[in-house]
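*Asks:* Let me give you the structure first, and then I'll get to my questions.
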Amino acid sequence: MNGTNLFNNLKKRVPIAIILLTIAYLAIMYLPDLFFFLLLQIVIILCLREFYSLSKIKKFNPSFLLGALVSILLAFEIYTKFFSWDFLLFILILIISFYFLISTNSKEKLPDFFPNISITLFGIFYISFTLNFLFYLKIISPLLILFLLLVIYLGDTGAYFIGYLFGNRKIFPIASPNKTLEGFFGGIVFSLLGGIIGYYAIIPGFPYEKILLTSILLSLVAQLSDPFESLFKRASEVKNSSSLLGEHGGILDRLDSLIFSSPFFYFIIKFYLEK
């Protein structure tokens, strides 16, 4: 990518990025917990739809309606804590098993049983379960989500520019051909910068050494989360999960770094709070 292409690419992406970040900031800081939770569920269902659509390109047929229903039941438990987790998991597995027992009603459908039920189930845990940790973080403090976004997306930006300027050693050539070792370390440095900015601007009361360690760990996890999501797109031979956000691709493309880093950050904060 030459300088002109880089500039044109940024010119297309920056306005949408500003709009998305503004919406995210307003939702995180000003929406009541219930409304934030409901908005998060809409985003999760859209991500789930994009994920299942990728597999349908390869002629698999996971059930989006079933996945959405189970995700809603999962969300209900997360918000209300009505059931015990072991009972809920049993009910979810029972519902999924019953659905595929009924829907696999011909010999023609039998060869697709394994991939369809596996993709349906995996999508629920990969997307619905993980992204709901953003709600757990908001319950503790909305500022934690702002800190997470700052560290993750500043790290992504640093990895992109350092990789573009200096990168030549690929680290995930199949999943993400543009990811380089140089960009990887650039991402860590920029995530550290994001953590330092976050320490002074967002959560100044947090121990400084924990901020630095957390920023490094979040960068490592996010830079695993991103190419893992890309692996599904490469397997489906598409560039983006959808075209919903124009040059930014789909919603899943924008949240891919948060899929693993959100739960990871929650468990780090929980560990710190219990100490």
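*Asks:* Given charges of +1 on the Cβ of Lys and Arg and -1 on the Cβ of Asp and Glu, with all other atoms neutral, how large is the dipole of the chain about its Cα centre, in debye to the nearest 20? Write out the running numbers ahead of the final one.
*Replies:* Numbers: 21 positive and 16 negative charges, 99 e Å.
Its charge dipole is roughly 480 debye.
*Asks:* Would you mind checking K81/K138; K179/K210; K58/K109; K138/K210; K170/K210 for any pair whose Cα atoms are more than 25 angstrom apart?
*Replies:* K179/K210; K170/K210
*Asks:* So how much slack lies between S84 and L101, counting 0.36 nm per residue of separation and subtracting their Cα-Cα distance, in nm?
*Replies:* Full extension from S84 to L101 adds 3.5 nm.
*Asks:* Moving on. Work out from phi, with θ = phi - 60° and the Karplus expression 6.51 cos²θ - 1.76 cosθ + 1.60, the ³J(HN,Hα) of each residue of segment 221-231, listed in order in whole Hz, and give x for Gly and Pro.
*Replies:* So the J values, rounded to whole Hz, are 5, 5, 6, 8, 4, 4, x, 5, 5, 5, 4.
*Asks:* Once the Cβ-Cβ distance between M29 and K109 is put in as r, and R0 is 51 Å, what FRET efficiency do you end up with, to the nearest 0.05?
*Replies:* Calculated transfer efficiency: 0.60.
*Asks:* Hey, what D do you get for segment 169-249 in µm²/s if you plug the Kirkwood alpha-carbon radius into Stokes-Einstein at 4 °C and 1.567 mPa s?
*Replies:* Answer, rounded: 90 µm²/s.
*Asks:* If eta is 1.567 mPa s and T is 4 °C, what Stokes-Einstein diffusion coefficient results for the chain, Kirkwood Rh from Cα pairs, in µm²/s?
*Replies:* The estimated diffusion coefficient comes to 65 µm²/s.
*Asks:* Give a residue-ordered list of calculated ³J(HN,Hα) values for segment 80-90 (Karplus: 6.51 cos²θ - 1.76 cosθ + 1.60, θ = phi - 60°; whole Hz; x for Gly, Pro).
*Replies:* 9, 6, 6, 9, 7, 5, 5, 5, 4, 4, 4
*Asks:* Quick one: the Cα spread of segment 205-275 along its three principal axes, in angstroms, biggest first?
*Replies:* Dimensions of segment 205-275 along the principal axes of its Cα atoms: 45, 21, 18 Å.
*Asks:* Is it possible to state the helix-based mean residue ellipticity at 222 nm for the chain, with each DSSP H run of 4+ residues giving -39500 (n - 2.57), the sum divided by total residues, to the nearest 500 deg cm²/dmol? What is it?
*Replies:* Numbers: 10 runs with 207 residues, N = 275.
The helix contribution divided over the chain gives -26000 deg cm²/dmol.
*Asks:* While we're here: Can you give the Rg to Rh ratio for segment 99-173, taking only C-alpha atoms and Rh from Kirkwood?
*Replies:* Details: Rg = 20.5 Å, Rh = 16.6 Å.
Answer for segment 99-173: 1.24.
*Asks:* Still on this structure, please answer the following. Once label points are set 7 Å from the Cα along Cα→Cβ at both L21 and K239, what is their separation, rounded to one decimal in nm?
*Replies:* Computed distance between label sites L21 and K239 equals 2.3 nm.
*Asks:* Moving on. How much FRET efficiency would the formula 1/(1 + (r/R0)^6) give for K56 and I140, where r is the Cβ-Cβ distance and R0 is 35 Å, rounded to 0.05?
*Replies:* Details: r = 37 Å, r/R0 = 1.07.
Efficiency computed from Cβ-Cβ geometry: 0.40.
*Asks:* Further question: Just to confirm, what accessible area per residue do you get for segment 83-238 at 1.4 Å probe, in whole Å²?
*Replies:* 51 Å²
*Asks:* Heavy atoms only, probe 1.4 Å: what % of the accessible area of the chain goes to carbon and sulfur, would you let me know?
*Replies:* 73 percent
*Asks:* Rg to Rh for segment 80-130: what is it, with Cα atoms only and Rh by Kirkwood?
*Replies:* We get a ratio of 1.06 for segment 80-130.
The values are calculated or read from the model by the stated rules, or taken from the named source; none is laboratory data. Predicted model only: the values in this text are computed from it and were never measured. Because the Cβ atoms are built from the backbone with ideal geometry, glycine has one as well, and the counts that use them run over all protein chains shown. Surface areas here come from the heavy atoms of the whole protein model, side chains and all, with no ligands, DNA or RNA. Shrake-Rupley method; radii C 1.70, N 1.55, O 1.52, S 1.80 Å.
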